[in-house]
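**Q** Next up is a structure, given as structure tokens.
The values are calculated or read from the model by the stated rules, or taken from the named source; none is laboratory data. All values reported here derive from a predicted model rather than from experimental measurement. Using ideal geometry, Cβ is built from the backbone for each residue, glycine included, and neighbour counts are taken over all protein chains shown. Accessible surface areas use protein heavy atoms only, side chains included; no ligands, DNA or RNA. Shrake-Rupley method; radii C 1.70, N 1.55, O 1.52, S 1.80 Å.
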Amino acid sequence: MALLERQVPMEALNDAAGDARAGAGRLVLLAGEAGAGKTALLERFRRAVPDAVWSEGACDGLTTPLPLGPLYEVAAQLGGDLGELIRRSPARIDLFATLLRRLEDPRTFDVVVLEDLHWADEATVDLLRYVARRIRSARSLVVVTYRSDELAERHPLRLALGELVVRQSTRRIELQPLSAEAVARLAHLAGVDGGELHAVTGGNPFFVTEVLRSGLTTLPPSARDLVLGRALRLGPAASTALETAALMGRVIEVATLQAVTGADGDVLAELLEVGLLVDAGGVLTFRHEIARRAVEEAIPPHRRVAIHRRLLDALLAQGSTDATLLAFHAAAAGDDPVVLEQAPRAADAALRLRSHREAATHLERAVAAAAVLHDPREAALCDALGLELATIDRVEEAERMRRRALALWHARGEPYREGDTLRHLSRVLWRLARSDEAVEAAEGAIRILEPLGPSVELAWATAALAGHRMVHGGNEAAIDLARRAESLAERFDLPAVLSDALNAEACALANEERPWEPVMRRALDVAVGIGTEDQAARAYANLAWLLCAEYRFEDARPVLAEATAYCEGRDLETYGTVIRGLRALVALRRGRWNDAAAIADHVLRTAGASPINRMTPLLVLGLIAARRGDDDAWRHLDEALAIARGSDEPDRLIDVRLARAEACWLERRVPQARQEVGAIVPLIRGSSSWLAGAVAVWCRRLELPVPAGAVAEPFALELRGRFTDAAGIWFDRRCRYLAALSLLGSDGEADLRRALEVLHELDAVAAQRIARERLRGIGARAIPTGARGAAREHPAGLTAREQEVLAELRAGRTNAEIAARLVISMKTVDHHVTSVFAKLGVHSREEAALMGEPAALGDQVRPGF
């Protein structure tokens, strides 16, 4: 079929190729629904770049994707250093770096195509991140295809797209369905009714092609019917071979297919003739993955099990060492002994490539098999699975695995393992914000292990208990426990325990206003030095957190950048979520509220964060909504309070109560604000001077008794009535909102006008009202009436939020979709839409969209976040 309506995408690919030839490397994200014509477009493009060294790889639609499968296929085609490296089971970073060196070689113009990344494993997605950050100066083009309609909310690629598309070297191409006119042209040539063809296919080029090729005069309701209709033309032997091929995955090794089915040359020719399979140079592949899946799903369950059994037997007879394939087929065949043998090996292989999600999938199979077989390895496998689940922030499931392991160790009378599992369980319960249970588990581990004498397990348990004491304000006890753990770590040569204990000690020292940074940086250096990834990620997270808690954002910036790269490159989702939440908090404090809201919303919507990791994004969104005068602040702040109560940690309770006090104050509900602050005054005893200072200032602002104790400088200045000096420190740290709040305490007209100006710039609607009241209270005249800062710059007077809503209207989104994307309520969206209509002088969404064009407004509309 001719490539209709694909001229614009083809031009975009050619432009990207031209840039790459000139030394400005490009990453192209080619998206479209299944059957949109991505592969056909690339085949045409390949003919347009005859000077390119072309290589390609694709992801498989297996239940558990093969880690870095596309990269291995590309490496085999490119050869050279990369081809040599893949034969040696290399570290993932070495593979990435070697590929990059090839892409940067100025002597060649490489085009690397990675297809079907909607089935990508985390390691392959990390490869994209790695390349996107570095390809800009390479003489190469990397094209990635994926099905935009098959990306789940938590899919790794969806999480990465937001980062990839903003890079200067990235181009995004979305293939749209064919129009009714284009389908009608094709239908006319084949003698098919164009209207009916378009109605049934929706303009999907694959569906259209299959219908036209099938020669049917009436259209089947789905691609599955089309595929199975063609499969019915096959004889019995070819049908059996087709079903077997469908269960083998994307690449079908002919020798294995023949060993399982006995298919001879005639049968293979029959498969190729019907058009469902194609010869891909020594192996067979399905012409379209949708065809493979249609065949697979049509196989009755009992026959599917039998085919997997035969495939497993064939692989074993061939001496296959591919644990991933063996575990996959064994699980599908119900062969628990083979699963138990191969799934842990497959998990180990995934972990070597830092693909924790794939490792967890394999370990789930292993645990299930061990339970069926009553195998003594079940407890250890449960512990291993619990660790992987905790690493990817699936903490509820991690708890179940740890408790299952705990019961097994206890029943077997193995106290060392029981104590160690309790220690792990305490950390999981902490992430679930179940404080009492977490402390009980940590103390239980000590009770079991301490009578047994010094041990590796006791060292770990002591370090864990130090962490629990620290977060609950027991700083001296935490320091003592941490140093005991450090002593045990040195005795048993346990650098990972040493890092863990130093981390807890540093946090406790920070709370006590004692030098903490050298201790925390040592914890980080130790963990990074030995490659203990979870401890390194924890040290990165806590180092960044403590720097930000002291408002040292410039010092925190390189730490956050390193931490982000470290966690993303190693599939450390739990700590990666912590870092993203912290980045949102920094953006909030530095006045980049749209950025803050986007990051926080991304965490809550896509990461499936554990309760403890949800709290910071919830606070960020709640405060932004309260400051902007939106009516949905409390749903975020209420959930944050529930989590903080569960954690029972003083610092978290203080953070949440202060946010709620501010929201009440902005709503003129001063008595409720006083209740929120009054509830946390007793908690500041073990907190830092920065947190204590924030509480003290809010006490003053709400006319409550100010608690005694040391507070950080800007808060101390404000408490002494030196509002301008306090604001100056906040301005120096680029915390404009806090500077404006400090200035609101002043009776000087210049200070209050400056505060109002800053609040205008931030679109802090609620605090603007308070600033105007203060100005009126001192008798000021000519007070600005309240057009927001962004509105003053917009030709139609739209506020920043209204500009965001207008951008969504232009994109054709409904009010419900706008509410979800901007993280506001439907009622708030309705209000903003009405306001946009009034300011633009329009009466419909279509008119608003037209008026929203920059040319119509005479200026560039600020894009939504």
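**Q** Set the Förster radius R0 to 30 Å, insert the Cβ-Cβ distance between Glu513 and Glu554 as r into 1/(1 + (r/R0)^6), and round the FRET efficiency to 0.05.
**A** Details: r = 21 Å, r/R0 = 0.70.
Plugging the Cβ-Cβ distance into 1/(1 + (r/R0)^6) gives 0.90.
**Q** Can you compute the FRET efficiency between Thr785 and Asp830 using 1/(1 + (r/R0)^6), with r the Cβ-Cβ distance and R0 = 22 Å? Round to the nearest 0.05.
**A** On the way: r = 24 Å, r/R0 = 1.10.
Between Thr785 and Asp830 the formula returns 0.35.
**Q** If each residue of separation counts as 0.36 nm, what is the full-extension length gain between Arg635 and Ala561 once their alpha-carbon separation is subtracted? If you can, show how the numbers build up before the last one.
**A** Numbers: separation 74, 0.36 × 74 = 26.64 nm, distance 3.09 nm.
Stretched out fully, the Arg635 to Ala561 stretch lengthens by 23.6 nm.
**Q** Which is farthest toward the positive dipole end of the chain among Ser487, Ala508, Pro70, measuring Cα position about the Cα centre, with Cβ charges +1 (Lys, Arg) and -1 (Asp, Glu)?
**A** Checked the options; the winner is Ala508.
**Q** In debye, nearest 20: dipole of the chain around its Cα centre with unit charges on the Cβ of K, R (+) and D, E (-)? Please list the in-between numbers first.
**A** On the way: 108 positive and 122 negative charges, 441 e Å.
Approximately 2120 debye in magnitude.
**Q** For the chain, the longest stretch holding no trypsin sites (Lys or Arg not before Pro) located in a DSSP loop with at most 10 other Cβ atoms within 10 Å is which? Kindly include the intermediate steps, with their values, before the conclusion.
**A** Working: sites that count: Arg107, Arg720, Arg781.
Within the chain, the longest run free of exposed trypsin sites (Lys or Arg not before Pro) spans 108-719.
**Q** Identify, among Asn613, Ala587, Ser647, the residue whose Cα sits farthest towards the positive end of the charge dipole of segment 578-724, taking +1 on the Cβ of Lys and Arg and -1 on the Cβ of Asp and Glu, with the dipole about the Cα centre.
**A** Ala587
**Q** Find the centroid of the Cα atoms in segment 322-355 and in segment 17-64, then give the distance between the two in whole Å.
**A** If you average the Cα positions of each part, the centres end up 31 Å apart.
**Q** Follow-up. Relative to the Cα centre, what is the charge dipole magnitude of segment 6-107, using +1 at the beta carbon of each Lys and Arg, -1 at the beta carbon of each Asp and Glu, and rounding to the nearest 20 debye? If you can, show how the numbers build up before the last one.
**A** Working: 13 positive and 14 negative charges, 16 e Å.
Dipole about the Cα centre, nearest 20: 80 debye.
**Q** With unit charges on the beta carbons (Lys and Arg positive, Asp and Glu negative) and the dipole taken about the Cα centre of the chain, which residue among Val112, Thr244, Ala384 sits farthest to the positive side?
**A** Val112
**Q** Still on this model: Check which residues have an amide H placed less than 5 Å from Asp393's amide H, if you skip close sequence neighbours.
**A** Amide H to amide H, under 5 Å and 5 or more residues apart or across chains, Asp393 pairs with Thr574.
**Q** Now, a different point. Kindly write out, for segment 628-638 in residue order, the coupling ³J(HN,Hα) from the Karplus curve 6.51 cos²θ - 1.76 cosθ + 1.60 (θ = phi - 60°), rounded to whole Hz, with x marking Gly and Pro.
**A** In residue order, the calculated couplings are 8, x, 6, 9, 10, 5, 6, 5, 6, 5, 5 Hz.
**Q** When the Karplus curve 6.51 cos²θ - 1.76 cosθ + 1.60 is applied with θ = phi - 60°, which whole-Hz ³J(HN,Hα) does each residue of segment 678-691 get, with x for Gly and Pro?
**A** Result, ordered by residue: x, 5, 10, 3, x, 8, 7, 4, x, 9, 6, 5, 6, 5 Hz.
**Q** Checking the a/c ratio against 1.5 first, then a/b against b/c, what shape does the Cα gyration tensor give for segment 336-444? Show your work: numbers first, answer last.
**A** Details: a/c = 2.43, a/b = 1.36, b/c = 1.79.
The shape class here is oblate.
**Q** Summarise the long-distance tail of P(r) for segment 424-563 by giving the % of C-alpha pairs beyond 19 Å.
**A** Values: 4728 of 9730 pairs.
When every Cα pair of segment 424-563 is considered, 49 percent fall beyond 19 Å.
**Q** Could I ask something else about it? Compute the relative contact order of the chain as a whole-number percentage, counting only Cα pairs closer than 8 Å that sit 6 or more residues apart in sequence. Can you show the working numbers first?
**A** Values: 1407 pairs, mean separation 56.9, N = 865.
Relative contact order for the chain comes out at 7 percent.
**Q** Counting only residues 5 or more places away or on other chains, whose amide H sits under 5 Å from the amide H of Leu277 once H atoms are built in the peptide plane?
**A** Arg287
**Q** Let me ask another. Full-extension gain between Glu476 and Ala750, please, as 0.36 nm times their residue separation minus the C-alpha to C-alpha distance.
**A** On the way: separation 274, 0.36 × 274 = 98.64 nm, distance 4.62 nm.
Computed gain between Glu476 and Ala750 is 94.0 nm.
**Q** How large is ³J(HN,Hα), in whole Hz, for each residue of segment 85-92 in order, when computed from phi with the Karplus curve 6.51 cos²θ - 1.76 cosθ + 1.60 and θ = phi - 60°, using x for Gly and Pro?
**A** Karplus values, whole Hz, x for Gly and Pro: 5, 5, 7, 10, 6, x, 5, 4.
**Q** Further, regarding this structure: Using R₀ = 41 Å, calculate the FRET efficiency as 1/(1 + (r/R₀)^6) where r is the Cβ-Cβ separation of Glu450 and Arg101; round to 0.05. Mind showing how you got there, number by number?
**A** Numbers: r = 53 Å, r/R0 = 1.29.
E(calc), rounded to 0.05, equals 0.20.
**Q** Hey, how many Å between the Cα centroid of segment 512-526 and the Cα centroid of segment 390-404?
**A** So the two Cα centres are separated by 30 Å.
**Q** Each label point is 7 Å from the Cα along the Cα-to-Cβ direction; what then is the distance between the points at Leu373 and Gln77, in nm?
**A** In this crude label model, Leu373 to Gln77 measures out at 3.9 nm.
**Q** First compute the accessible area of the chain with a 1.4 Å probe, then give the percent of it belonging to carbon and sulfur atoms.
**A** Values: 17780 of 34720 Å².
The nonpolar share, carbon plus sulfur, comes to 51 percent.
**Q** Note down the relative contact order for segment 678-722 as a percent, whole number, built from C-alpha pairs under 8 angstrom at least six residues apart.
**A** Values: 35 pairs, mean separation 17.3, N = 45.
Once normalised by length, the contact order is 39 percent.
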